[in-house]
Amino acid sequence: ADGDLLFNVNSDIRFNPRAAEQPEWQNEDHHEEFLPTGETSIDSYPNWLKFHIGINRYELYSRHNPAIEALLQDLVSQKITSVAMKSGGTQLKLIMTFQNYGQALFKPMKQTREQETPPDFFYFSDYERHNAEIAAFHLDRQVEWICIRRKGEISILDFRRVPPVAGRLVNMTREIRDVTRDKKLWRTFFISPANNICFYGECSYYCSTEHALCGKPDQIEGSLAAFLPDLSLAKRKTWRNPWRRSYHKRKKAEWEVDPDYCEEVKQTPPYDSGTRILDIMDMTVFDFLMGNMDRHHYETFEKFGNETFIIHLDNGRGFGKYSHDELSILVPLNQCCRIRKSTYLRLQLLAKEEYKLSLLMKESLLKDKIAPILYQPHLEAMDRRLRIVLKAVSDCIEKDGYDNVVENDFNTDATTVTTER
């Protein structure tokens, strides 16, 4: 229905490709902005705009949207015309604007694939990894799957709640230093004793000469995440995650000490009705498979109210440890004992040898330009964690009964059956 679409394609809205975080860009000279009206064919829109107008109440993009693959290609091939630091971040991130006015958030490489998070690091002081952002996008979507017996598409988690992300090898001189008008960023460039080009930018921490990002000699890889629509066009609501960690070195959060905490959550809007509690369970599974402990807030599109999906943003602290499974991430599932039937069936499928999660992820990630994305032990850890999730659901079913745990989210009306997921 029209109310389920984020934008009406036939409206007179001008889609401003500038970032809301960079108000100074509003005064720049630029060509006429793309106007999504009925006067112009959608086929003529740039891929980033096709992505935006495809967003609806239930997903960021449809499973077979051809604009997504095209957008991923744009992220790795479009000419970069402007670069600025993202304000307010704890670690350095860059906003890149492309020739077609699309924008993406660039997270540069800070660790090699095989490096684990040091055991004495708190989750809130861990590095944000570019390859984790890429892997999270692939975990969230579908992959073209090829084997000896068949060829076709199979979804992985199939949530489609992570904006498109692709890896790119960037020339720090030509594609960052020479095009930026951010003087603060430009001043942090220097040549290292090894004769490599380096920069460190400005942020809350990990932005200093001791943590500089250096190329070889000026090539650096990173992830590029496509921007969501400008906040002036599509407002988003930020919610505090009920299972947010304390972010204190000594204090524990309420959910860590109260085993009945979920009962309190379920009596609080928006968790007392609708699908939000099930969305939290999906996000919990998603984060546990990645080992992501840093989910303090989440966002939804304001237009859709409470009946909409959770956008899975900022996944850079995932895939930090392959030798450890952080069971505290699963606490929401263990306390609430609720899960969507579609999610449960998907997890059971990915546990089968023929559709093994690690193999599907490996094949999907090979399509990225800076593959391999994940160190093999991280892939194997996902299979191990999947078994832990299924055991947790099984324990819930044994305790509370299948119908009280597994929520049937399939439409059983024969005239409108929708079992695509």
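Restricting attention to the stretch 279-299 and to residues that are open to solvent by less than 20 Å² (accessible area, probe 1.4 Å) and within 13 Å of the chain's Cα centre (by Cα), the residue that is farthest from Leu379 (Cα to Cα) turns out to be Tyr298. Checked against the criterion of being open to solvent by 30 Å² or more (accessible area, probe 1.4 Å) and in contact (Cβ under 8 Å) with a residue 40 or more places away in the chain, the candidates Lys237, Lys251 yield just one match: Lys237.
Filtering the stretch 124-150 to residues that are modelled with pLDDT under 95, part of a helix (DSSP H, G or I) and under 18 Å from the mean Cα position of the chain (by Cα) leaves only Phe124. Condition (residue is out of contact with any helix residue (DSSP H, G or I) (no Cβ under 8 Å at 6 or more places or on another chain), assigned to a loop (DSSP other than H, G, I, E, B) and in contact (Cβ under 8 Å) with a residue 24 or more places away in the chain) applied to the stretch 99-111: is it met by at least one residue? Checking the stretch 99-111: not a single residue is out of contact with any helix residue (DSSP H, G or I) (no Cβ under 8 Å at 6 or more places or on another chain), assigned to a loop (DSSP other than H, G, I, E, B) and in contact (Cβ under 8 Å) with a residue 24 or more places away in the chain.
For the stretch 181-227, the candidate set comprises residues that are under 18 Å from Thr97 (Cα atoms) and open to solvent by less than 20 Å² (accessible area, probe 1.4 Å); within that set, the residue that is farthest from the chain's Cα centre (by Cα) is Leu185. Restricting attention to the stretch 70-87, the residues being modelled with pLDDT of 95 or more and either open to solvent by 50 Å² or more (accessible area, probe 1.4 Å) or not assigned by the TED database to the domain that holds Asp140 (or both) number 4.
Just one of (1) among the polar types (S, T, N, Q); (2) touching a helix residue (DSSP H, G or I) at 6+ places or on another chain (Cβ under 8 Å); (3) under 22 Å from Arg57 (Cα atoms); (4) not in a loop (DSSP other than H, G, I, E, B) fails for Asn306. It is (4).
Where helices (runs of 4 or more DSSP H) sit wholly within the stretch 314-421, those with at least 3 residues that are open to solvent by less than 50 Å² (accessible area, probe 1.4 Å) occupy 331-336, 341-350, 357-365, 376-400. Assessment of the stretch 53-66 against the conditions (acidic (Asp, Glu), outside any helix (DSSP H, G or I), surrounded by 12 or more Cβ atoms within 10 Å (Cβ to Cβ) and at pLDDT 85 or above) yields at least one matching residue.
Just checking, does the stretch 245-261 include any residue being in contact with a Leu (Cβ under 7 Å, 6 or more places away or on another chain) and not assigned by the TED database to the domain that holds Arg141? No.
The values are calculated or read from the model by the stated rules, or taken from the named source; none is laboratory data. Keep in mind that this is a model prediction, so the values were computed, not measured. Neighbour counts are summed over all protein chains in view; Cβ atoms, including those assigned to glycine, are modelled from backbone coordinates with ideal geometry. Protein only, heavy atoms only, side chains kept; ligands, DNA and RNA dropped before computing areas. Shrake-Rupley method; radii C 1.70, N 1.55, O 1.52, S 1.80 Å.
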